[in-house]
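Every read-out reported here was derived from the displayed coordinates using simple, explicitly stated rules and does not represent laboratory data. In this text, all values refer to a predicted model and were calculated from it rather than measured experimentally. All Cβ positions, even for glycine, are placed from backbone atoms using ideal geometry, and neighbour counts span all protein chains on display.
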Amino acid sequence: MRLLLVGFGTVGQGLAELLLKKEKMLRDQHGLQVQVVGIADMLKGSLYNATGIDLPAALETAKSGGKLSELPHKYKGDALSMIKTAEADMMVEATYTDIKTAEPATSHIRAAFEKGMHVTTTNKGPLALHYHELAKLADSKDVRFLFEGTVMSGSPVLNLIRETLAGSTISEVKGILNGTTNYILTRMEEGLSYENALTKAQELGYAEAIPDADVLGWDALAKVTILASTVFGANARPDDFPCKGITEITSDAIDAAKSRGKRYKLIGRVWRDGNEVKASVAPEEIDLTHPLAGVMGATNALTFSTDTLGDVTIVGPGAGRTETGYSALVDIIHAGGKR
Ligand code: HSE
């Protein structure tokens, strides 16, 4: 499996670390030899070599704040030109999410499909805005389009729906879909200020490049839109649904809720209403006895209401370097591993 890594920030580096750590496991258990042939990053520079680049050196350079262009096999063009000319089997699209334009990620994904590459992405923009078009293009090129990391990072959500809930009808999906805001609400309850909690979430690699997307609810909105499209087949866009973030929730409001036996959580919800698919994102006061009230820090949780199993809930990491890198690793195994 020859890989192109487009975007070498938190997620790209998290994946690179896992590829190195799990090299033997990938080979022994999945018959998969992964070779990174190119890395394209807007800030750190780019590398390409048809027979493989030095991944440990690239990782060390990126981690120490250096430029990839200081290493052998420097590539001078942009990501799109690398995708169009590279010899590769799969692209990992891990650039920052721009929920308004979904670019440059969508152009990267289209170009990779046109070249016959499988794609895994952790970028929510292309899924929230162009899921149906991209899925159709992947189908027409007979390649895989995988995006486990877009919802709840590496916690198995989309693969779970595709594989093990395949025989169920899901009437509602509801839960905590943003790690940053859940972390902020948790730390504010412990006495930290909003600003300090947000800074900490950024340091831990949970927050988006522009954290407004987290605190105003747009990241959770992108995820509910992805669920509306992929689980419910809706042809939806983020601005079809109401969305409210956590910026108006003060420390005093958190304390007051607690004294009433409640806790604020930012809740994303998608449900079927007759023939219509509806969705929303808003803070809710959850009873402290409710399972979602106990989901703290950057942990996320989603409950699927099904016709066959009743409610199925998955709780797990919703953000983070290794956690999101893992989602791409598992997509690579699905695309290229032995069945
Ligand atoms: N900023 C996102 C979050 C990252 O905090 O949940 C994972 O999608």
Practice problem: For the stretch 284-317 and the stretch 91-140, write down the distance between their C-alpha centroids in whole Å. | Solution: 29 Å
Self-check item: the stretch 1-148: Cα Rg divided by the 2.2 N^0.38 Å rule of thumb
Solution: 0.99
Self-check item: Label point distance in nm, residue 276-residue 168, each placed 7 Å from Cα along Cα→Cβ
Solution: 2.6 nm
Self-check item: the chain: antiparallel DSSP beta bridges as a percent of all, rounded to 5
Solution: 70 percent
Exercise. Just need log10 I(q)/I(0) for the chain at q = 0.07, 0.09, 0.14 Å⁻¹, Debye formula, equal scatterers on the alpha-carbon atoms, no solvent, rounded to two decimals.
Key: -0.28, -0.47, -1.10
Quiz prompt | Angle in degrees between helix 105-114 and the longest Cα principal axis of the chain, rounded to the nearest 10 | solution = 50 degrees
Quiz prompt | Integer Hz, Karplus 6.51/-1.76/1.60 couplings in order for the stretch 149-157, x for Gly and Pro | solution = x, 6, 10, 6, 6, x, 5, x, 10
Exercise. Please determine, in degrees from 0 to 90 and to the nearest 10, the orientation of helix 194-203 with respect to the longest principal axis defined by the Cα atoms of the chain, where the helix direction is its Cα long axis.
Key: 20 degrees
Self-check item: Under 11 Å, Cβ to Cβ, from residue 245 - net charge with Lys/Arg +1 and Asp/Glu -1
Solution: -3
Self-check item: Cleavage-rule hits (trypsin sites (Lys or Arg not before Pro)) in the stretch 50-156: DSSP loop, at most 14 neighbouring Cβ within 10 angstrom
Solution: 67, 76, 100
Exercise. Place +1 on the Cβ of every Lys and Arg and -1 on the Cβ of every Asp and Glu in the chain, take the dipole about the Cα centre, and give the residue among 94, 4, 295 whose Cα lies farthest towards its positive end.
Key: 4
Self-check item: Taking only Cα atoms of the stretch 125-164, radius of gyration then Dmax in Å
Solution: 10.9, 29
Quiz item: Listed highest first by mean packing, meaning other Cβ atoms within 10 Å per residue, what order do 202-211, 2-11 come in?
Solution: 2-11, 202-211
Quiz item: Using the Karplus equation 6.51 cos²θ - 1.76 cosθ + 1.60 (θ = phi - 60°), what ³J(HN,Hα) coupling, rounded to whole Hz, does each residue of the stretch 269-279 give in order, writing x for Gly and Pro?
Solution: 8, 9, 8, 9, 10, x, 8, 9, 9, 10, 7
Self-check item: Zero-based 10 Å bins, Cα pair distances in the stretch 32-114, whole percents
Solution: 17, 49, 30, 3
Exercise. Calculate, in nm to one decimal, what residue 101 and residue 309 gain on full extension: separation in residues at 0.36 nm each, minus their alpha carbon distance.
Key: 71.1 nm
Quiz item: For the chain, what is the mean residue ellipticity at 222 nm derived from helices alone (per DSSP H run of n ≥ 4: -39500 (n - 2.57); sum divided by total residues; nearest 500 deg cm²/dmol)?
Solution: -11500 deg cm²/dmol
Quiz item: How long is the gain from residue 60 to residue 81 if the chain were fully straight, where each residue apart is worth 0.36 nm and the alpha carbon distance is subtracted?
Solution: 5.0 nm
Quiz item: So, in Å, what gap is there between the alpha-carbon centers of the stretch 1-30 and the stretch 232-256?
Solution: 34 Å
Quiz prompt | Kirkwood hydrodynamic radius of the stretch 162-316, from inverse mean 1/r over distinct Cα pairs, in Å | solution = 16.0 Å
